[in-house]
1. Return the subset of 31/182; 31/59; 31/151; 33/153; 161/182 for which the Cα-Cα distance in this structure is over 30 Å, preserving the input order.
2. Determine, for 76, 160, the number of other Cβ atoms within 10 Å of each Cβ, and report the residues in order from fewest to most.
3. Sort 21, 68 so the one with the fewest other Cβ atoms within 10 Å of its own Cβ comes first.
4. In debye, nearest 20, what is the charge dipole magnitude of the range 93-186 about its Cα centre with +1 on Lys and Arg Cβ and -1 on Asp and Glu Cβ, if you could check?
5. Report the net charge of residues surrounding residue 22, where surrounding means a beta-carbon distance below 12 angstrom and charges are Lys +1, Arg +1, Asp -1, Glu -1.
6. List the aspartates and glutamates whose alpha-carbon lies under 17 Å from that of residue 186, not counting same-chain residues fewer than 8 positions away?
7. Scan (i) 1.52; (ii) 1.02; (iii) 1.07 for the value of Cα Rg over 2.2 N^0.38 Å calculated from this model and give just the label.
8. What distance in nm separates the simple spin-label points at residue 64 and residue 170, each placed 7 Å from Cα in the Cβ direction?
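Each value in this text was obtained by applying a stated rule to the coordinates, not by laboratory testing. Everything numeric here is computed off the predicted structure, so don't read it as measured data. When we count neighbours, we look across all protein chains shown, and the Cβ atoms used for this are built from the backbone with ideal geometry, even at glycine.
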Amino acid sequence: MTASASGEIADRAICWCAFLRGVNTGGSPLKMKDVCQVFENLGLESVQSVLASGNILYKSAQTAAELRPRLEQALSGAFGSPASLHLRDLTTIRRLREACTFQPSSDQHIYLLLADPGYASRLEDAFSDLPAGSSGSIQLLGDNMFWQVEKGKTLDTPFSKKIARAEFRDHLTTRNINTLDKILAKGCP
């Protein structure tokens, strides 16, 4: 690749965040430097992690549809277990955060559920089938959903039990809004 072509690719590169599902929870320990190395081995630029929960910032001119299967395959091969992740560009993450209508509260958690295309509406339907007030509140934003729930109740609500089922679990990952704020504060690598 010529210097000019390399410069053109760098100019088209945008900032992304990969949200890995199930990292460092329930016996799946991964070192973020090792995860970042997998991203770098695929030629992604300016790779860095945010927290130890599988949030990887990087730059690429490739689309999420191009990168997701390659990343999942590379991560699965590197760590010997199936990998699942969701990709969002930093601009989308910022827009989502700004669109969240839930206000921080000392007695409430706010989570972002990042879902595969079409699954957020299924999540909304699953939530709507529950008794009112049993699982907090939701806000649907495209293929993403914010969920506000009482602290200490996150894993005990009927909604959390529904989304733990394979029909949902394998198609989404969840992040606390504080994690989004840390990702946005770190910004584009």
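1. On the way: 31/182 19 Å; 31/59 20 Å; 31/151 28 Å; 33/153 33 Å; 161/182 27 Å.
Where the Cα-Cα span goes over 30 Å, the pairs concerned are 33/153.
2. Values: 76 14, 160 17.
Exposure proxy ranking, most exposed first: 76, 160.
3. Details: 21 20, 68 17.
Ranking 21, 68 by Cβ neighbours within 10 Å, fewest first, gives 68, 21.
4. Numbers: 13 positive and 12 negative charges, 73 e Å.
Computed charge dipole of the range 93-186: roughly 340 debye.
5. On the way: positive: 21, 169; negative: 170.
Counting the neighbours of residue 22, the net charge comes to +1.
6. Residue 186 reaches 45, 89, 98.
7. Evaluating Cα Rg over 2.2 N^0.38 Å on these atoms matches (iii).
8. With each label placed 7 Å out from Cα toward Cβ, I get 2.0 nm.
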